[in-house]
Amino acid sequence: MSYGLALIYGVLKIINLANAGILMLGAYVTWWMWDAFHLDPLLAPLIVIPLFFVFGVAMERLVVRRVLDQEPIVSLLLLFGVWLILQNVAYVIWTGDTRAIETPFVDATVKLGAMQLSWARIYVFCAGGITLAGLQLFLTRTHLGRAIRAVAQDREAAKLTGVDVDRVNAVAFGIGIALAAFAGSLLSLLFSFNPDFGGTLQLKSFCVVVLGGLDSFVGVAFGAVALSLAEAFGLRYMAASLQNLISFVVLVVVLIAFPKGIAGLLRSMRRG
């Protein structure tokens, strides 16, 4: 989810508040295919990712493109409205009942020394690492990926060199939406969910993106690991109900101490 937020902001310079709704829909679509068609949830991303990529491209062309040149508050309000629409559509289709995916794989665990780990959590962690590697290869080794990076660095210069900026915007937004839906599909293996699912996770994604740096996927990955470790060790000394407090304290500290995140801090140290 954080990769998608960082990509969309980097290219289109907007904060996609609709990501929470997309994550929630990704979880519901995965659950629906498992419940109605008995499709293995591990295979659901093969359908979820291309489906939501197309949805994201259509959303950029029909909705987002109209406000790209407006004040930032316009896109914020628009995408917040989209989030509310998606949330209420989910209430109409699936009601407010809590759903969960229960399979032998989801319940299976493995013992590593003194640790008892869930196979589902190991799978989600590995999926995040593979996604990071795939994004890095795509952005650095393909013509379209280099075009996305060029637009993110300097939109006008990229346009002057012949890059189709509108096409790049649509593809980048589609990938960002697909990543959010993929995150929802993965998290449906770990948590129960309802139409409100995604709001708290989106706030944590903002923390991760700010912590890692808005212009670095590797920084975002390190930011996610750093935040998760801070929460895990923080719970040893405070109540579980205060877990979210850790994220927001980290966010405030990072914004004050090094607003460009881990990636920006490392670049500054390297130049120094």
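The values are calculated or read from the model by the stated rules, or taken from the named source; none is laboratory data. Fair warning: this is a prediction, and the values are worked out from it, not measured in the lab. Here the Cβ positions follow ideal geometry from the backbone for every residue, glycine too, while neighbour counts run over all protein chains shown. Remember, those area values only see protein heavy atoms, side chains included, never the ligands or the DNA or RNA. Shrake-Rupley method; radii C 1.70, N 1.55, O 1.52, S 1.80 Å.
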Worksheet item: Can you tell me which residue in region 121-145 is farthest from the chain's Cα centre (by Cα), limited to those that are open to solvent by 70 Å² or more (accessible area, probe 1.4 Å) and not charged (D, E, K, R)?
Response: His143
Worksheet item: How many residues are touching a Phe, Trp or Tyr at 6+ places or on another chain (Cβ under 7 Å), open to solvent by 70 Å² or more (accessible area, probe 1.4 Å) and in a helix (DSSP H, G or I) when one looks only at region 87-120?
Response: 1
Worksheet entry | Matching residues in region 106-134 - criterion: being over 21 Å from Phe222 (Cβ atoms) and among the β-branched types (Val, Ile, Thr) | Val106, Thr109, Val110
Fill in: Filter result (over 13 Å from Tyr28 (Cβ atoms) and among the aromatic types (Phe, Trp, Tyr)) within region 170-221
Phe173, Phe182, Phe206, Phe217
Discussion item. So Gly81 ticks every box in (1) in a helix (DSSP H, G or I); (2) without any contact (Cβ under 8 Å) to a residue 12 or more places away in the chain; (3) open to solvent by 40 Å² or more (accessible area, probe 1.4 Å) but one. Which box is left unticked?
Written reply: (3)
Response to the item:
Quick count over region 146-198, residues being surrounded by 15 or more Cβ atoms within 10 Å (Cβ to Cβ) and either outside any helix (DSSP H, G or I) or under 14 Å from the mean Cα position of the chain (by Cα) (or both), is 25
Item to complete: Tell me which residues, restricted to region 13-28, are open to solvent by 10 Å² or more (accessible area, probe 1.4 Å) and not β-branched (Val, Ile, Thr).
Response: Lys13, Leu17, Leu25
Worksheet item: Residues Pro50, Pro104: which one is outside the structural domain of Ser228 (by TED's automatic domain parsing) and touching a residue at least 24 places away in the same chain (Cβ under 8 Å)?
Response: Pro50
Worksheet item: Which condition breaks for Thr140 when tested against (1) touching a residue at least 40 places away in the same chain (Cβ under 8 Å); (2) outside the structural domain of Leu227 (by TED's automatic domain parsing)?
Response: (1)
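Results for (1) without any contact (Cβ under 8 Å) to a residue 60 or more places away in the chain; (2) in the same structural domain as Val48 (by TED's automatic domain parsing); (3) of a type in the set (Ser, Thr, Tyr); (4) touching a helix residue (DSSP H, G or I) at 6+ places or on another chain (Cβ under 9 Å), shown as yes or no for each residue.
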| site | (1), (2), (3), (4) |
| --- | --- |
| Val171 | no, yes, no, yes |
| Ala181 | no, yes, no, yes |
| Leu186 | no, yes, no, yes |
| Gln202 | no, no, no, yes |
| Cys207 | yes, no, no, yes |
| Leu211 | yes, no, no, yes |
